[in-house]
1. Do any residues in the range 32-46 that are closer than 17 Å to Arg66 by Cα have Cβ atoms under 6 Å from those of residues that are polar (S, T, N, Q), where the two are at least six apart or on different chains, and which pairs are they?
2. Hey, does the range 92-103 have a residue that's within 23 Å of Val9 (Cα to Cα) and out of contact with any Lys or Arg (no Cβ under 9 Å at 6 or more places or on another chain)?
3. Only residues that are more than 19 Å from Gly14 (Cα to Cα) and hydrophobic (A, V, I, L, M, F, W, C): list them for the range 55-91, please.
4. Is there a residue being touching a strand residue (DSSP E or B) at 6+ places or on another chain (Cβ under 6 Å) and surrounded by 15 or more Cβ atoms within 10 Å (Cβ to Cβ) anywhere in the range 34-41?
5. In the range 21-31, which residues are over 9 Å from the mean Cα position of the chain (by Cα) and under 18 Å from Pro43 (Cα atoms)?
6. Is there any pair with a first residue in the range 79-93 that is touching a residue at least 12 places away in the same chain (Cβ under 8 Å) and a second that is part of a helix (DSSP H, G or I) whose Cβ atoms are under 6 Å apart and which are 6 or more apart or on different chains, and what are they?
7. Yes or no: Ala12 modelled with pLDDT of 95 or more and among the aliphatic types (A, V, I, L, M)?
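The values are calculated or read from the model by the stated rules, or taken from the named source; none is laboratory data. These numbers come from a predicted model, not from an experiment. Please note: Cβ atoms are built from the backbone with ideal geometry, for glycine as well, and neighbour counts cover all protein chains shown.
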Amino acid sequence: MTRAGAPAVDDAFGVIANRLRRELLERLAAGECRVTELATGLPVSRPAVSQHLRLMLDVGVVTERRVGRERYYSLSRSQLGDVDRWLARLDDFWASGLRRLGEHLDRQP
């Protein structure tokens, strides 16, 4: 699904770099969904959503369960752990910066 000249997506960070895939992740955060449910209301076709889901499946951020012809997708939280840990480090960075700012402002007359 990589466009010519676009970098290959091979980790969770590449997945969340795309706005549509972030929307799919948000929808899946609410629970398991079929492709048709995930595609509802999006500005792309169902086959395009399926292509994004295939990429996300290849990276391992979603899992797929088949029931007959239907495919159900769920988040694979373990593969999103790298993103979660990175965001936690950013929280530490911002908290530290805000604490230093507060200390600086407290010293001002």
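1. Glu32/Ser74; Val35/Ser50
2. no
3. Val67
4. Yes, the conditions are met somewhere in the range 34-41.
5. Taking the range 21-31 first, the residues over 9 Å from the mean Cα position of the chain (by Cα) are 27-31.
Of everything in the range 21-31, those that are over 9 Å from the mean Cα position of the chain (by Cα) and under 18 Å from Pro43 (Cα atoms) turn out to be Arg27, Leu28.
6. Gln79/Ala12; Leu80/Ala12; Asp82/Ala12; Val83/Ala12
7. no
So that you can scan it fast, the table gives a plain yes or no per residue for (1) under 18 Å from the mean Cα position of the chain (by Cα); (2) buried (at least 16 other Cβ atoms within 10 Å of the Cβ); (3) not hydroxyl-bearing (Ser, Thr, Tyr):
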residue	(1), (2), (3)
His52	yes, yes, yes
Leu75	yes, yes, yes
Trp86	yes, no, yes
Gly97	no, no, yes
